[in-house]
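Note sheet for the following structure.
The values are calculated or read from the model by the stated rules, or taken from the named source; none is laboratory data. Bear in mind that the values here come from a model prediction, so they are computed numbers and not experimental data. Positions of Cβ are generated from backbone atoms using ideal geometry, with glycine treated the same way; all protein chains shown enter the neighbour counts. All accessible areas refer to the heavy atoms of the entire protein, side chains included, with ligands and DNA or RNA removed. Shrake-Rupley method; radii C 1.70, N 1.55, O 1.52, S 1.80 Å.
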Amino acid sequence: MAEMTMIQAITDALRTELKNDDNVLVFGEDVGQNGGVFRATEGLQDEFGEERVFDTPLAESGIIGMSVGLSTQGYRPVPEIQFFGFVFEAMDAVVGQSARMRYRSGGRWHAPITIRSPFGGGVHTPELHADSLEGFMTQAPGLRVVIPSGPYDAKGLLISSIRNNDPVIFLEHMKLYRSFREEVPEDEYTIDLDKANVVRKGTDMTLVAYGAMVHSSIKAAEELEEEGISCEVIDLRTVSPIDIDTILESVKKTNRAVVVQEAQRQAGVAAGIVAEIQERAILHLEAPVFRVTAPDTVYPFSQAEEVWLPDHQDIKEKVKESMNF
Amino acid sequence: MVFKSPVEGIEEKFEMIQILNEDGKIVNEDAMPDLSDDDLVELMRRMVYTRVLDQRSIALNRQGRLGFYAPTAGQEASQLGSQFALEQDDFILPGYRDVPQLIWQGLPLYQAFLFSRGHYHGNQMPEDVQALSPQIIIGAQITQAAGVALGMKRRGKKNVAITYTGDGGASQGDFYEGVNFAGAYQAPAIFIVQNNRFAISVPVEKQSAAKTIAQKSVAMGIPGFLVDGMDVLAVYKVVQEARERAVNGDGPTLIETLTYRYGPHTMAGDDPTRYRTEDMDSEWEKKDPIVRFRKFLEDKGLWSEEKENEVMEKAKEEIKTAIKKADKQEKQSVTELISIMHEELPVNLKEQMEEYKEKESK
Ligand SMILES: Cc1ncc(C[n+]2csc(CCOP(=O)(O)OP(=O)(O)O)c2C)c(N)n1
Ligand SMILES: [Mg+2]
């Protein structure tokens, strides 16, 4: 076991899979010699050579379109989109093409692509660098969307994603890259891509979150504990598919839920979860299932980030609103 | 093989256009632009001023007093020579590094600082500046430029749309689409590709099998030029001619300026020593646009150390004043943000407006 940051765990997962399978290719803008703008691919070109880890020309649509093509030749592409806000440049290649490859060839071809990309607010990146766009992706049939909340999960989930034979969007919250370390096994391990993780046990309230919001939820839960409210915290790990069974099991026990997302309120992952809960467990609920989200504006680079981003205080307020309902 | 590519060796047709060489000597008298002594001095003043602005911006960024900043030193001739060829009503579609062109077109300095800080007031161009705010998404401005130019043509304006991207940006699909559209509509657009040899860390050689970016004009059926981007006279001249063609109805031009950025890609943690050698840096510093233009002007008796110091002092003063003014700008609030999302607030935002008013009053 070694203590690793999330970025180190990601590099470690990439190294593991590059070693395991010659068909794994890692590429994107600045991922070669530079090791990626966040150093996620640091040292990998030196270790595996430019044939396996390489820079591409600057074109996201080219990067993902090429990944689809490489898939037909038995490769397992692990492209990087430098910041997830740039995925709009590649929307057809991702959603219109890679996600439909298996379907439109009747299974003759498939696209075992893992698109890695940093996202998320709070680190003072400019326009279209911080946006939480997972909601768009979860609307695309054929894709899986994975969002780790820390180093241990990142390694296991990334290895599972690379080994999965369908396209996976693997979103890495920038705020978590270096914010804390965790024990991460040096050996390979996988984590299911359709199983949520109960990260904190509780009896009065179910908090459902993913990515950085898992940590805000845990913090809220710790503070609420002192006020006598016991919160269970579920880390979704994957937002497509959603492990609704784990959520329901918890809600049936706590009878209340608050769903937390960093993304804007309209549509989105949280809205879908609220719908699922009320459809399947309405008689277990003591209060409406609430959401904590950002407002329906663009992400405000640098100026109003702190107010705009949901935090543990917002979560605590919603929990109390539910408890007092 | 029976068939030989008809464009083999095409790059040889794209010789680099230079007027003023590294030693400050005119090497192409016939191409010398028609600029008065005052114009020449003004060009120099702007380059020196902009170099100071770059140094100060880097320092301010390190002190945490600026936000997003992409250094410009090395690219002054390419940026300011091209802007100098514009008329006030021409339309600029800049990339994130092209703030100096906006400033010399009339964007107040304090607003440039607010742009860096992510305040939307920094993106609000004054009435007499026809420009979009610097584009972050590489290539997006290029297709838009074709639209601005087509619109101008249809309105019968005698103006051009000018857009800037980098050597990396020329790999985007949007680049080919935008330049091709402008060609198809013979729209009055000028596409400048500032080839500073790197897209963050990726060397230009990895972007394409083509030896130059200028030669891509051949495929679009429009004029294309390769220019010494460290030579302010050459850049000015080529852009000025492109402008003339455009307003005369002769369509767009693609211009590649060969240049170099001395600093890091942006101030957000880029480390150029990971991908550039010191030798390469110093080789390019020898081509410096200010050094050679200074020699040229001094030989003509138009410039002196005193004059340069004056410009530098004035720049520092004005930067200080502008930063103070930027500091006075109230921080952008979420309610303000909500209010500028639509012309008319939709219902969801009306509700959220109330919610955030309360939040922000706490
Ligand atoms: C669509 C898109 N992809 C990637 C980026 C990230 N990025 C910002 S600048 C840059 C390199 C650009 O290089 P170049 O076009 O040569 O311009 P330069 O910065 O050298 O002026 C990259 C990859 C971006 N901003 N937008
Ligand atoms: Mg460049």
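Remarks
- At R0 = 60 Å, FRET efficiency that the Cβ-Cβ distance of B:Asp38 and B:Glu358 yields, to 0.05: 0.55
- Accessible area buried at the B-A interface, both sides summed, 1.4 Å probe (Å², nearest 100): 3200
- In loop segments of segment B:23-118 as defined by DSSP, the GluC sites (Glu not before Pro) with at most 14 further C-beta atoms inside 10 Å of their C-beta are B:Glu87.
- Along the axis of the charge dipole computed for segment B:211-281 (Cβ charges of +1 for Lys and Arg, -1 for Asp and Glu, origin at the Cα centre), the listed residues B:Gly224, B:Ala234, B:Pro264 are led at the positive end by B:Gly224.
- Within the listed set A:Ile247, A:Ile229, A:Ile115, the Gaussian network model of chain A (springs between alpha-carbon atoms below 10 Å) gives the highest mean-square fluctuation for A:Ile229.
- Three semi-axes of the equivalent ellipsoid, segment B:31-87, Cα gyration tensor, whole Å, largest first: 28, 11, 8
- Whole-number D in µm² s⁻¹ for segment B:248-338, Kirkwood Cα-pair radius fed into Stokes-Einstein, 4 °C, 1.567 mPa s: 71
- Expressed per residue, the C-alpha convex hull volume of segment B:140-247 stands at 89 Å³.
- Accessible-area composition of chain A, carbon plus sulfur, in percent [1.4 Å probe]: 46
- To the nearest 10, the accessible area of B:Tyr262 is 50 Å² with a 1.4 Å probe.
- Legend: calculated FRET efficiency, B:Ser282 to B:Gln329, from the Cβ-Cβ distance at R0 = 35 Å, rounded to 0.05, equals 0.30.
- 1.4 Å probe, heavy atoms, protein only - residues of segment B:49-84 losing at least 30 Å² accessible area vs chain alone: B:Phe68
- Cα centroid separation, segment B:229-270 to segment A:279-320: 47 Å.
- Each Cα pair under 8 Å and six or more residues apart adds its separation to the average, and for chain B the resulting relative contact order is 23 percent.
- Here the accessible area of chain B is 48 percent carbon and sulfur, with a 1.4 angstrom probe and all protein chains present.
- Once you divide the Cα radius of gyration of segment B:211-362 by 2.2 N^0.38 Å, the number left is 1.64.
- Pairwise Cα distances in segment A:190-292 exceed 18 Å in 41 percent of cases.
- Over the protein assembly as shown, equivalent-ellipsoid semi-axes from the Cα gyration tensor in Å: 48, 30, 23
- A Gaussian network model of chain B, with springs between Cα atoms under 10 Å, assigns the largest mean-square fluctuation among B:Gln194, B:Gln141, B:Gln329 to B:Gln329.
- In percent, rounded to a whole number, the relative contact order of chain A is 16, using alpha-carbon pairs under 8 Å and six or more apart.
- Of all DSSP bridge pairs formed entirely within the protein assembly as shown, close to 15 percent run antiparallel.
- Computed over every Cα-Cα pair of chain B and binned at 20 Å starting from 0, the pair-distance distribution P(r) comes out as 28, 57, 14, 1 percent.
- Interface residues, segment A:70-92 - accessible area loss of 30 Å² or more versus chain alone, probe 1.4 Å: A:Glu89
- Loop-located trypsin sites (Lys or Arg not before Pro) in segment B:281-323, at most 14 other Cβ atoms within 10 Å (DSSP): B:Lys286, B:Lys300
- Charged side chains reduced to their Cβ positions (Lys and Arg at +1, Asp and Glu at -1) give chain A a dipole of some 940 debye around its Cα centre.
- Å² per residue, accessible surface of segment A:216-325 at 1.4 Å: 40
- The GluC sites (Glu not before Pro) found in segment A:211-275 that occupy coil by DSSP, while having at most 13 further C-beta atoms within 10 Å, are A:Glu227.
- With the simple spin-label model, which puts each label point 7 Å out from Cα in the Cβ direction, the B:Arg65 to B:Glu22 separation comes to 3.7 nm.
- Projected over all directions and averaged, the alpha-carbon convex hull of chain A occupies 16.0 nm².
- Averaged over its residues, segment B:322-362 has an accessible area of 71 Å² per residue, based on protein heavy atoms and a 1.4 Å probe.
- Max mean-square fluctuation residue, GNM over chain B, Cα-Cα springs under 10 Å, options B:Val227, B:Val179, B:Val347: B:Val347
- On the principal axes of its alpha carbon atoms, segment A:254-306 extends 43, 18, 10 Å, with the longest extent given first.
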